Amino acid sequence: MLLIHCPYCGETLPETEFAYAGEAHIARPENPSEQTDAEWVEYLFMRSNVKGVHFERWRHIHGCGRFFNAARHTVTDKFLTTYKAGEPRPDIEALTGIKAGVKEGEK
Amino acid sequence: MTFDKKTAGGVTIEELPAEARFSLRVRDGERAAVAGALGLELTDTVGVMTSGSGRKALCLGPDEWVLSGAPGDAAAITAACAGVYDAAPHSLVEISEREIFIRASGPAVEALMATGVARDLSRIGPGQGARTVFDGTPVVLVREKTDSFRLNVWRSFAPHLLGHLFHVQKELASGL
Amino acid sequence: MSTYRIQGRGRVNHSEPVYFTFDGKTYTGLRGDTVASALLANGVHLMGRSFKYHRPRGAVSAGSDEPNALLGTRRGKGQFEPNTRATLQEVRGNLETTSQNKLPSLKFDIGAINDASYMMFSAGFYYKTFMWPKSFWDKVYEPFIRAAAGLGVAPSEEDPDDYAARYVHIDLLVVGGGVAGIMAALTGARAGAKVVLVDETAEMGGALLSEPAVTIGGMAGWDWLAAALEELESLGVQVMTRTTAIGYYHENMVGLVQRVSDHLDHVPEGAPRERLWRVRAKQVVLAQGALEKPLVFDGNDRPGVMLASAAQTYLNRYGVKVGSRAVVVTTHDSAWYAAFDLAEAGISVAAIADIRPKIDAELVSKARALGIEVLPSHTVITTRGRLRVKSVSVAPVSNGAVGTSRVIPCDVVLMSGGWTPSLHLFSHTQGKLKWDAEAQVYLPDVKTEEVEIAGAGRGLWGYGAALEDGVVAGRTAVKALGLRATARAPGVGVDRPGTGIMVKDLPTNGDPGKARAFVDFQNDVTAKDIRLAVREGMRSIEHVKRYTTNGMATDQGKMSNMNGLMIASDALGKAPPQVGLTTFRPPYTPTTFGALANYVRGHQFEVTRKTAIDSWAEENGAVFEPVSQWRRAWYFPKDGEDMAAAVARECAATRKSVGIFDASTLGKIEVVGPDAVEFMNRTYTNPWTKLAPGRTRYGLLLGEDGYIRDDGVIGRLSQDRFHVTTTTGGAARVLNMMEDYLQTEWPDLKVWLTSTTEQWATVAVNGPNARKVLEPLVEGLDISNEAFPHMSIAECTVAGLPARLFRLSFTGELGFEINVPASKGRVLWEALMKSGAEYDICPYGTETMHVLRAEKGYIIVGQDTDGTVTPGDAGLDWALGKKKPDFIGMRGLKRPDLVASGRRQLVGLLTSDPKVKLEEGAQIVLDPNQPKPMKMVGWVTSSYYSATLGRTIAMALIEGGFDKMNDTVYIPMPDKTITAKITGTVFYDPEGEKVKL
């Protein structure tokens, strides 16, 4: 069972209180009606599926209820950091020396 | 009452009486106005409970409190909040009936709680609480005293939770 | 007392005999014995038959790594466990044990014919043997494989025992109660850390329990142990025996299984059999020691052939002589010490055969002083004896050439192939190992968790080194905890560290093709199998493992992996690290399902949510059905009624007069705030701005893909407050989706969401007489059709209870839904039943609700939709706020595939034969005579018998269905093809006049 730091509660808590909520930093377009089919497909379906550092959303559903973002390494399953919704993507390379979104061996 | 009080294995499990309860949601800018109307402080530290004017407010999330008062206090709470709504918009929704209130207390209460709560209970001091999960059931738990916990559980989940608590009570009574 | 027990020796209680049975015969053991030590004390070595060849087998070890001595154990009805390790299970009163894999008896076994057909069962025999003819697959091969597969017998009765679980949060977990572990725990506890120390056996002490001659801190080893345990207790350390660390998971969570009551003669009422501990430790010290390896030679599996350390343990810990005449075969000094202990205890040790040419002079002289013949540079050729070893043949080896063998009579052979550090838990963390070429072992290298490894687990031998290392590991952990360590390691006397070498299968002068030199005892894998696998093309150890099944038995290769690797490396001509190492996975030892399931069984298996009215339904004979987590009244049969009759009656009563239904499970969400209406406009498809307070509307919720997600009636209570209802199953999902948009896409909106599903109990009253039933109970509201028209909402008093009253209908009749405080649900229900008595008010369940709504063509999300249905497909285009700038799914609805023609559309179906009811899910074709596979154009989503219409009705999703009105379609079933006509979905009151009463 993972331990996850909720940036709203300021506590590191058991995974059972949290729910995964998909890839982070995929903003809903301001005016969906103006989106081309290709743009809408990109928003609706395309996800990065990285082997490495993945930016993703979690919800502290059985806690404070807030959605927040996390950087998690999909190979080690280790959280590098979590941060509040709306905050910019942190610089993981500066934090840890691991390049974000880069496949193993390509570093 | 939906179940009888029972003491065994170093824990007492009992139902607590009804109270007026509300879910209160308000943003930072309007919090002070609502707190003033209610006559208590509203902390934004998740897990901390404050009290005043015979009312209690447990902060469950950055903009969420569960507000409780005496059973007859519901109308006064509603009126107090309505009075500041236009100036300080917020959400007040009565949930007095949503939950059953269970108290588990006694020297073995931590062992009982540790059969269902994955959190480190030592980090929840007297007067603090949290929304969490008890053996798969969503609950709001409050540590009333060192050896006394209160579990607020949605009505329909209560039989399941109580089934667990009474089962573990027998386990604790076995001494093993 | 038996001749094999040494009076007064060991840690068993010689004054407390314990009686247990083995294969029906009663044996006497002593309190503190394992089943294995007690049987050995009675001279019993034959404890089971092997899995594949049914060869006679006895205990080879004295611990949890035991591959052979697996027994069935039983306490009472349902309390049976197969594959219990006799070397771990303590004797107790009321313990019945049985041997396994015997046919018909342990001493005479016809399955041993497999042993004679050895060639047939060589590596990969599954893949080679069960190939052809094809007709044999299910008639011959599968029954054969099924009969042969499986170890022991699965219990057939429900397990009546209780199992428990607990979370625990600590500073330091120490796994392994040997001296390294104890020292690490002491170091932590003395620094003030909260410590748990666990060991899988019945007693702390580890190898020290088998070596009483050691002195520690100037005391006898066992006295030091007692003092250390006393200190641990006084420092508040939780010392847990009979507790196995089964798995090491993320973020220093370690799973422990504690055997709480299996050793007790009588289990107290309510006591669990086992308890699963989920430990979250800030620091972990693994002090699991090392496991001795067997040697690989022909006949190394015969009862009486065992690990040298096991014999030493049986002697010193349990006071049991494993035989009367021993021969020791070894590559490591440790077996010499075992031999000395046995000889000094009066067991004749005929010889020590060591593969090494040069042996420490002190060992040699001590052996000679004890009258033991010393045979350096010797290999083992074979053993003899049917159910017990009678002799061993050894031969000198010189420059790789094996000389003439000689036979030494004996009744036990003690072997040692050196020691393997126990790194299973470390491997669970994905910790990396490195190969130590000198010691020929894998040692821990790169760590992924907050863990230290102490003692023999990282290749350190001897008590002095283990104690020192325990302190080092403890100090590292203490420092990481921000505490200050003060502990120092005590001095050690009579330490016997020793060295040794690692070898592959022993050299022999016999026919290697006939050798039964076992590597994996439990899966009957021999050295020859592994060499064959390499010859047949396996290169990676992972392939060798799967081809031969080496290391795939319940012991996960604790004894066999390293020997298998050494042999495979030799066959491949590569160094072991180039061949690899198989991965250890949890659990460390076999774990009961009971421990893993613990409380989650029987009534507690799954939550069953019940409404406030459920008790009334139960008292009135309702039949229930599960709907998501809820149980709901399905129908209310009267005496002698079957389901069809009950549902027909309930439908008729509701349409004719009035029915009453518990709708409490519907999800309810209160949407409050100045931006409530804007939020509703953005989420639901419908326009909400013009919905006046006091009015309600059917709301439709889509996903961004344009597909229907949920629906429900939504009432506007005031300018800033909506009462949203969702489907029963969708309540949590819809709230989560709303919160997601609100928090992450529209954080500017001043609106908040609160679940009120369980704040309210909801009762629906439907039928032409609904108002007459309700009206007398309502205060503060005029519910006449004029004052309170269809699709209204108001707050009022009903039956003296504060209520939110909806006028709506899911039946097509005049309908009301009354929400009252949840605890008063039954009060309301009973008041309505009383008020409705004169109209023969009829309680109905979910089945009647389904029929009545289907007669009206109202959809059930999740039944008539499947996540690929648009509002257009379902005929719900009218619910789209087309003038709104946006709502969730609006853009999605314009996707090319969603506007293309030929989409499946929801239509009605009437079978040609009005008595024939279609099966829900049945596939539909346009031409029943086309060749198979036929083109399927859709399927039946809902199908019922309608009492109102006197015939069956159905709904279906059919390609281009709206343009096929009155067409005939075909539904091929196994026995016949059903014909049906496509219709609209509204079968009853198409003008919708009834709801307007």
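Put +1 on the Cβ of each Lys and Arg and -1 on the Cβ of each Asp and Glu in region C:614-661; which of C:653, C:629, C:643 then has its Cα farthest toward the positive end of the dipole?
Value computed over the given set: C:653.
Magnitude of the Cβ-charge dipole of the protein assembly as shown, K/R +1 and D/E -1, about the Cα centre, nearest 20 debye? Please report the intermediate quantities before stating the final value.
Values: 142 positive and 149 negative charges, 587 e Å.
Charge dipole of the protein assembly as shown: 2820 debye, to the nearest 20.
Report the relative contact order of region C:663-843, percent, no decimals, based on alpha-carbon pairs under 8 angstrom and at least 6 residues apart.
In percent, rounded to a whole number, it is 22.
How would you rank C:726, C:420, going from fewest to most other Cβ atoms within 10 Å of each one's own Cβ?
Ascending number of Cβ neighbours within 10 Å: C:420, C:726.
Identify the GluC sites (Glu not before Pro) of region C:413-493 meeting these criteria: DSSP loop state and at most 12 other C-beta atoms within 10 Å of the C-beta.
On the way: sites: C:438, C:449, C:450, C:452, C:468; in loops: C:438, C:449, C:450.
Passing both the DSSP loop test and the Cβ count: C:438.
Based on Cα positions only, what radius of gyration and what Dmax would you give for region B:20-94, in angstroms?
Reported Rg and Dmax, both Å: 10.7, 29.
How long are the semi-axes of the ellipsoid equivalent to region C:436-485, from square roots of 5 times the Cα gyration tensor eigenvalues, in whole Å, largest first?
Output for region C:436-485: semi-axes of 22, 15, 5 Å.
Can you run the Rg to Rh ratio on the protein assembly as shown? Use alpha carbon positions and the Kirkwood inverse-distance Rh.
On the way: Rg = 36.8 Å, Rh = 35.5 Å.
Rg/Rh for the protein assembly as shown comes to 1.04.
Roughly how large, in nm² to one decimal, is the mean projection of the convex hull of the alpha-carbon atoms in region C:526-613?
8.5 nm²
From the P(r) of region C:451-600, can you give the percent of Cα pairs sitting at distances over 20 Å?
On the way: 7106 of 11175 pairs.
Cα-Cα pairs of region C:451-600 separated by over 20 Å account for 64 percent.
At most 11 other Cβ atoms within 10 Å and a DSSP loop assignment: could you name the GluC sites (Glu not before Pro) in region C:718-801 that fit?
C:786
Roughly how large, in nm² to one decimal, is the mean projection of the convex hull of the alpha-carbon atoms in region C:51-97?
About 3.7 nm², averaged over all directions.
Any aspartates and glutamates with Cα under 16 Å of the residue B:56 Cα? List them, leaving off those in the same chain fewer than 8 positions away.
Partners found: B:19, B:41, B:44, B:64, B:73, B:94, B:144.
In square nanometres, what is one fourth of the surface area of the convex hull spanned by the alpha carbons of region C:338-397?
So the mean shadow area of the Cα hull is 4.5 nm².
Return the aspartates and glutamates within reach of residue C:514: Cα separation strictly under 12 angstrom, same-chain partners fewer than 8 residues apart disregarded; answer none if there are no such residues.
C:115, C:298, C:529
Going through the cross-link list C:915/C:976; C:656/C:772; C:139/C:932; C:134/C:932; C:668/C:883, which pairs have a Cα-Cα distance over 18 Å in this structure?
From the list (C:915/C:976; C:656/C:772; C:139/C:932; C:134/C:932; C:668/C:883), the Cα-Cα distance tops 18 Å for C:139/C:932; C:134/C:932; C:668/C:883.
Please state, to two decimals, what the Cα-based radius of gyration of chain A comes to when divided by 2.2 N^0.38 Å (N = residues).
Chain A yields a ratio of 1.16.
Region C:742-847: D in µm²/s via Stokes-Einstein (Kirkwood Rh, Cα pairs, 20 °C, 1.002 mPa s)? Intermediate values should be presented prior to the final figure.
Values: Rh = 14.9 Å.
D, rounded to a whole number, is 144 µm²/s.
For the pairs C:25/C:558; A:78/C:282; C:52/C:107; C:358/C:504, flag any whose C-alpha to C-alpha distance is greater than 23 Å.
Pairs exceeding 23 Å: C:25/C:558.
Sorting C:248, C:588 on the 10 Å Cβ count, fewest up front, what's the list?
Listed from fewest to most nearby Cβ atoms, that is C:588, C:248.
So what's the gap between the Cα centers of region B:1-46 and region C:834-911, to the nearest angstrom?
40 Å
Using Stokes-Einstein with the Kirkwood hydrodynamic radius over Cα pairs, what translational diffusion coefficient do you get for region C:663-843 at 10 °C and a viscosity of 1.306 mPa s, in µm²/s rounded to a whole number?
It comes out at roughly 95 µm²/s.
For region C:69-114, state which trypsin sites (Lys or Arg not before Pro) are in a DSSP loop and have at most 14 other beta carbons lying within 10 Å of their beta carbon.
Filter output for region C:69-114: C:77, C:107.
Alpha carbon centre of region C:4-27 versus region C:585-622: separation in Å?
Here the two parts' Cα centres lie 41 Å apart.
Below 8 Å, C-alpha to C-alpha, sequence gap of six or more: please give me the relative contact order for chain C in percent.
9 percent
Which residue, chosen from C:881, C:810, C:848, occupies the Cα position most advanced towards the positive end of the dipole of region C:775-883, where the dipole is computed from +1 (Lys, Arg) and -1 (Asp, Glu) charges on Cβ about the Cα centre?
C:881
Check the protein assembly as shown for me: any Cys whose beta-carbon has no other cysteine beta-carbon within less than 4.7 Å?
When partners are defined as cysteine Cβ atoms under 4.7 Å apart, the protein assembly as shown leaves A:64, B:59, B:81, C:410, C:651, C:796, C:842 without one.
Quick one: what do you get for region C:699-796 if you divide its Cα Rg by 2.2 N^0.38 Å?
Working it through for region C:699-796, the quotient is 1.32.
Hey, what's the Kirkwood Rh for region C:160-204 if you take every pair of different alpha carbons, in angstrom?
11.8 Å
Take the alpha carbon atoms of region C:1-64, find their radius of gyration, then divide it by 2.2 N^0.38 Å using N residues; give the quotient.
Working it through for region C:1-64, the quotient is 1.19.
Compute the separation of the alpha-carbon centres of region A:21-82 and region C:209-245 and state it in Å as a whole number.
After rounding, the separation between the Cα centres reads 52 Å.
Longest exposed-loop-site-free stretch of chain A, with GluC sites (Glu not before Pro), DSSP loop and at most 12 other Cβ within 10 Å?
Longest gap between qualifying sites, sites excluded: A:31-103.
Work the Kirkwood hydrodynamic radius out for region C:604-661: mean of 1/r over every pair of different alpha-carbon atoms, inverted, in Å.
12.5 Å
Given 20 Å bins starting at zero, what is the percent of C-alpha pairs of chain C in each, up to the one with the largest pair distance?
Percent of Cα pairs in each bin: 12, 31, 23, 24, 10, 1.
Quick one: the Cα spread of region C:898-997 along its three principal axes, in angstroms, biggest first?
That works out to 52, 37, 20 Å along the principal axes.
FYI, it's all coordinate maths here, none of it is from the lab. What you see is a predicted model; the values in this text were computed from it and never measured. Here Cβ is always computed from backbone atoms with ideal geometry, including for glycine, and neighbour counts include all displayed protein chains.
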